[in-house]
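Report on the following structure.
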There are 2 protein chains.
Amino acid sequence: MAVREFYSITELTREFDVSTRTLRFYEDEGLIHPVRRGRTRLYRPADRQLLRQILRGKRLGFSIAEIREIIQMYREPPGEVGQLKLMIRRIDEKREALRQKRRDLEDALGELDLAEDNCLERLAELGVST
Amino acid sequence: MAVREFYSITELTREFDVSTRTLRFYEDEGLIHPVRRGRTRLYRPADRQLLRQILRGKRLGFSIAEIREIIQMYREPPGEVGQLKLMIRRIDEKREALRQKRRDLEDALGELDLAEDNCLERLAELGVST
DNA sequence: TGCCTGAGTTACGTAAAAGTCAATTGCGTG
DNA sequence: CACGCAATTGACTTTTACGTAACTCAGGCA
């Protein structure tokens with residue numbers, strides 16, 4: 001199955017393991033804009049890609065509002081200089097937020113390592129070979 | 001001010017920028033267990049450290065329930081072999097979850113870079129020196 | 001003694017992000 | 001054509017993570 005022109009809503013729910021309600025909710029929130037044939041939604045590859053980014057944002061703990069902001073940044077840059085500079089500033093802010101998250105992540109990973117070491121040591125004390 | 005024996009609830013709210021309501025809520029949820037003098041809560045350095053970890057979990061987008069699980073892992077390892085092995089397995093699972101988050105993070109950072117490049121390029125086209 | 005001040009408890013409220021349910025509607029097919 | 005099935009819309013519900021009263025209590029101090 002090569003690159004498809006359209007995906008149905010249920011195809012996407014299966015692929016990304018979300019409900020139809022969720023996809024419609026994201027549409028109400030202005031995150032995705034699938035085209036329509038009659039009333040039924042048709043998702044293009046770009047919509048699918050966008051959904052992937054949205055769900056990634058969710059996994060990172062961003063709210064819908066924050067995700068909406070981030071989506072703006074992925075869009076075509078505006079034509080006006082002031083707007084462009086503003087957008088660059090906001091991109092920098094988001095990047096800083098992500099870097100903070102990365103630090104949190106590394107710290108948490110480090111502490112998990114310590115916790116595991118404790119467990120292994122305890123096992124060794126009990127004479128269990130790992 | 002060296003290492004203090006106890007911190008009051010308001011001291012912690014100031015240090016970590018959370019409300020007293022939040023701290024009491026976390027206690028209700030079984031995340032922190034400060035000692036008491038009469039009815040007033042006294043937070044030890046270990047409680048303070050734990051709070052730091054809780055808030056880091058929040059920033060990473062974990063729910064209270066997930067944070068509760070993670071806290072279990074930071075605790076003293078259990079004495080029984082089966083429990084120890086179980087805990088190690090769960091630690092590995094959490095680590096995998098964190099690594100997925102790290103991948104998400106790196107991807108998102110990469111796309112922000114692309115978005116910024118687009119903006120810079122657009123600025124260059126408009127003859128603006130950055 | 002009267003009054004702050006900081007802390008506590010109980011109870012109710014709320015916003016975000018969906019889940020659930022009911023009532024249609026359109027489409028392909030036997 | 002009637003049927004079943006997938007989709008749609010709209011209304012209502014739920015869960016999570018606190019916020020917001022409203023009131024009480026103990027200690028210090030003028």
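Values in this text are rule-based calculations from the coordinates and carry no lab data. Note that the structure is predicted; figures quoted are calculated from it, not measured. Note: ideal-geometry Cβ built from the backbone for every residue, glycine included; neighbour counts use all protein chains shown.
Estimated translational diffusion coefficient (Stokes-Einstein, Kirkwood radius over Cα pairs, 20 °C, 1.002 mPa s) of chain B: 118 µm² per second. Taking +1 at the Cβ of each Lys and Arg and -1 at the Cβ of each Asp and Glu, which of B:I71, B:V35, B:G57 sits farthest along the dipole of region B:11-81 towards its positive end, judged by Cα position relative to the Cα centre? Positive-most Cα among the choices belongs to B:V35. Between B:R89, B:R68, B:R39, the GNM of chain B built on Cα springs shorter than 10 angstrom shows B:R39 fluctuating the most. So what does the Cα-only Debye profile of region A:52-106 read at q = 0.19 Å⁻¹, as log10 I(q)/I(0), no solvent term? Those come out to -0.72, one per q. Dimensions of region B:76-130 from C-alpha coordinates, computed as largest minus smallest value along each principal axis and given longest first, are 70, 16, 5 Å. Just tell me which aspartates and glutamates come within less than 20 Å, Cα to Cα, of A:K85; anything on the same chain fewer than 8 places away is out. Those aspartates and glutamates meeting the cut-off are A:E66, A:E69, A:E76, A:E93, A:E96, B:E111, B:D113, B:E116, B:D117, B:E121, B:E125. Here B:D17, B:D104 are placed in order of increasing Cβ neighbour count within 10 Å, fewest first, which gives B:D17, B:D104. Cross-link reach is defined here as a Cα-Cα straight distance under 18 Å, omitting same-chain residues fewer than 8 places apart; for A:K101 the lysines meeting it are A:K58, B:K58, B:K94, B:K101.
Taking 0.36 nm per residue of separation and subtracting the current Cα-Cα distance, fully stretching the chain between A:E66 and A:Q83 would add 4.2 nm.
Listed values for region A:53-61 are Karplus-derived 3J(HN,Hα) couplings in whole Hz (6.51 cos²θ - 1.76 cosθ + 1.60, θ = phi - 60°), namely 5, 4, 5, 5, x, 4, 4, 7, x, and x replaces Gly and Pro. Across A:I67, A:I54, A:I88, mean-square fluctuation computed from a Gaussian network of chain A (C-alpha pairs under 10 Å connected) peaks at A:I88.
Using the Cβ-Cβ distance between B:V35 and A:V128 with R0 = 45 Å, the FRET efficiency computed as 1/(1 + (r/R0)^6) comes to roughly 0.80.
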